[in-house]
1. Looking at this structure, is residue A:219 under 14 Å from the mean Cα position of the chain (by Cα), within 14 Å of another protein chain (Cβ to nearest Cβ), touching a residue at least 24 places away in the same chain (Cβ under 8 Å) and over 30 Å from residue A:113 (Cα atoms)?
2. Tell me the residue from A:219, A:197, A:172 that is buried (at least 24 other Cβ atoms within 10 Å of the Cβ) and either out of contact with any Gly (no Cβ under 8 Å at 6 or more places or on another chain) or modelled with pLDDT under 90 (or both), please.
3. Looking only at the stretch A:233-291, which residues are aromatic (Phe, Trp, Tyr) and surrounded by 20 or more Cβ atoms within 10 Å (Cβ to Cβ)?
4. Condition test on residue B:250, is it within 27 Å of residue B:143 (Cα to Cα) and either within 13 Å of the chain's Cα centre (by Cα) or surrounded by 20 or more Cβ atoms within 10 Å (Cβ to Cβ) (or both)?
5. Can you find even one residue in the stretch A:116-124 that is exposed (fewer than 14 other Cβ atoms within 10 Å of the Cβ), in contact (Cβ under 8 Å) with a residue 12 or more places away in the chain and touching a strand residue (DSSP E or B) at 6+ places or on another chain (Cβ under 9 Å)?
6. Determine whether the stretch A:83-90 contains at least one residue that is facing chain B (nearest Cβ under 7 Å) and in a helix (DSSP H, G or I).
7. Within the set of pairs 6 or more residues apart or between chains, which connect a residue that is in a loop (DSSP other than H, G, I, E, B) inside the stretch A:199-211 to a residue that is among the basic types (Lys, Arg) with Cβ atoms less than 9 Å apart?
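The values are calculated or read from the model by the stated rules, or taken from the named source; none is laboratory data. Keep in mind that this is a model prediction, so the values were computed, not measured. Neighbour counts run over all protein chains shown; Cβ positions are idealised from the backbone, glycine included.
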Amino acid sequence: MIIVAEQVLNGVQFGITLFLMAAGLTLIFGVMNLVNLAHGSLYMIGAFIAAATFNATHSFVFAIAAALVGTAAVGVAVEVIVFRALYQRDHLDQVLATFGLILFFNEIVRMVWGATALYAQVPDFLSGQIQVLPGVPYPTYRLVIIAVGLVVALFLYLLVMRTRIGMLIRAGASDRTMVAALGVNITLLYTLIFGLGAALAALAGALAGPVFTVESGMGDDLLILAFVVIVIGGIGSIRGAFIAAVLVGVVDTVGRAFLRPLFALVMSGFAADNAGPATASMLIYILMATVLFFRPEGLFPRAKR
Amino acid sequence: MKSASKGLVVTAATLATLALLPPVSLVFGQDFYIDLFTRIMIFAIAAVSLDLILGFGGMVSFGHAAYLGIGSYAVGILAFYHIDNGFLQFGVAILASALIALFIGWVSLRTSGIYFIMITLAFGQMIYFLGESVNQFGGDNGLNIERHSRFAALLNLDKPTALYYFVFAWLVFCLGMGWRLVESRFGMVIRGAKSNETRMLALGFRTFRYKLVAFVISGAMAGLAGALLANLTLFLSPNIMHWTRSGEIMMMVILGGMGTLIGPVIGAIAYLVLENLLSGFTEHWQAILGPFLVLVVIFSKTGLLGAAGAWRAKSSHA
């Protein structure tokens with residue numbers, strides 16, 4: 001029971017990290033209709049800036065701030081230099097150009113910080129454990145990630161649903177041409193959304209640094225998971241991204257923890273040793289294929305125009 | 001008609017160059033190029049297979065490296081159990097890829113646009129993780145293959161030149177088959193569905209079936225490339241199925257010019273030769289290759305073939 005609670009919390013924490021990635025991705029896709037594979041690179045850059053800053057200054061707050069600002073700046077620069085030429089292109093061109101960006105950023109990170117993983121540590125004041133249930137201790141740092149993610153989700157909800165910028169974002173997602181025709185500076189809006197998305201990815205990377213490994217290419221596989229999340233959630237929907245992210249995080253983590261022992265109940269140990277991890281790592285993709293099979297536009301599809 | 005004959009000239013020139021490469025490189029004592037170009041031709045087959053559905057059918061499959069892996073693992077796993085009969089190995093590789101493509105296509109072709117890209121990517125990842133987690137066959141460390149496929153006394157693939165011409169023959173076969181397919185009635189339906197699916201449906205074609213068959217043929221051809229790759233590297237690794245590999249194959253198609261058959265071959269040559277040159281030049285070659293790819297996408301819509309054609313047209317006007 002204790003281990004189940006622990007694994008579910010791990011799953012939620014992983015899901016929150018995914019949500020921070022997916023929120024930016026789904027906004028960028030929903031509003032600008034841009035497939036950005038390089039979003040994982042922004043996550044990686046955030047993690048590297050945070051780890052390097054923390055190792056230099058030993059200030060956690062300063063490290064997070066540096067990651068947010070630095071990565072948002074990189075994101076805005078990339079938007080202005082590369083993506084503005086891509087908005088009118090089809091998805092295939094966008095996939096390929098941003099694929100080139102991944103190669104570039106992975107290599108730049110290797111050139112700046114070296115090929116070996118960067119050591120990222122949990123700050124002292126967050127390194128303890130907290131009793132979440134009687135007899136269930138859980139690392140404080142991971143709880144902080146969950147809390148930060150929930151706060152960000154709330155902030156995004158308020159931003160998108162209750163502010164003027166949010167109104168423009170929603171309007172942009174449903175009809176770009178009309179928004180531009182009404183005199184809104186759509187170019188600025190795009191750059192703003194892109195900066196926001198980059199900052200969210202950086203936050204995910206900065207927080208995840210001490211939990212996962214900070215190395216070149218760390219964003220590549222997470223990016224694919226974030227895409228799985230936004231496809232399951234319905235492209236353009238932040239609410240869908242949140243629900244799908246937690247779902248994917250929990251299914252993946254719990255599957256990895258319990259599928260092998262579960263299989264061992266019904267098959268030989270050797271077969272379970274092979275089939276358990278194999279099935280566990282495929283589980284979320286099976287989930288995605290199933291969702292798309294029954295709901296080809298995800299759980300929360302955009303309203304039809 | 002004129003552009004068709006021009007394509008034929010480019011194809012003939014490319015194939016003739018490839019055919020003459022081993023003797024020339026042996027004369028100059030550069031037999032390293034035989035290995036490089038064997039690899040290039042294998043990826044050319046994979047790129048041609050992707051182009052059949054991507055360039056001609058408009059199906060952006062982002063999980064094509066999976067079939068490369070399936071073909072490769074089919075050879076490797078049979079070899080692991082000491083079955084080294086080449087006819088059997090290649091038969092299983094092609095059949096297995098075709099069957100898995102049938103299933104993936106059957107599910108994925110219900111979606112379209114970005115959802116199709118993502119669902120094929122998801123299936124590719126599934127197969128990648130399957131390869132990574134099955135420790136029996138090396139897991140993520142990979143597995144050595146003891147010997148090349150045996151084709152009785154007909155062919156000895158231990159010789160690099162023999163393997164080279166074996167791959168070359170398959171490349172020619174795939175190009176020929178691709179050409180027959182594209183020009184056939186079947187190919188017309190696929191191309192028609194790309195430009196306007198509703199029209200094809202209205203004309204009474206069940207486009208889903210046509211697209212599915214094209215998807216399966218493409219998967220089988222990529223599986224063949226995988227079986228050849230296993231024979232070249234004699235090593236089995238899930239890395240050949242990683243999604244970035246699918247991106248590379250797609251890049252080759254775009255680089256050469258999609259919607260032509262020889263384009264992907266030229267794209268594969270350009271991409272891998274460039275990679276080889278840059279990596280000899282600096283260890284950080286990806287920092288150069290990445291922006292180069294971005295520029296290619298932004299500034300050219302038709303790939304190297306189209307760029308060359310446009311340049312010729314421009315210079316003849318001047």
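1. So residue A:219 fails the test.
2. A:219
3. A:242, A:263, A:285
4. Spelling it out, residue B:250 is indeed within 27 Å of residue B:143 (Cα to Cα) and either within 13 Å of the chain's Cα centre (by Cα) or surrounded by 20 or more Cβ atoms within 10 Å (Cβ to Cβ) (or both).
5. Checked the stretch A:116-124: at least one residue is exposed (fewer than 14 other Cβ atoms within 10 Å of the Cβ), in contact (Cβ under 8 Å) with a residue 12 or more places away in the chain and touching a strand residue (DSSP E or B) at 6+ places or on another chain (Cβ under 9 Å).
6. Yes - at least one qualifying residue is present in the stretch A:83-90.
7. Cβ pairs passing all conditions: A:211/A:142.
For every residue, the table says whether it meets (1) surrounded by fewer than 24 Cβ atoms within 10 Å (Cβ to Cβ); (2) among the polar types (S, T, N, Q); (3) at pLDDT below 90.
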{"site": "A:33", "(1), (2), (3)": "yes, yes, yes"}
{"site": "A:37", "(1), (2), (3)": "no, no, yes"}
{"site": "A:44", "(1), (2), (3)": "no, no, no"}
{"site": "A:52", "(1), (2), (3)": "yes, no, no"}
{"site": "A:55", "(1), (2), (3)": "yes, yes, yes"}
{"site": "A:64", "(1), (2), (3)": "yes, no, no"}
{"site": "A:69", "(1), (2), (3)": "yes, no, no"}
{"site": "A:75", "(1), (2), (3)": "no, no, no"}
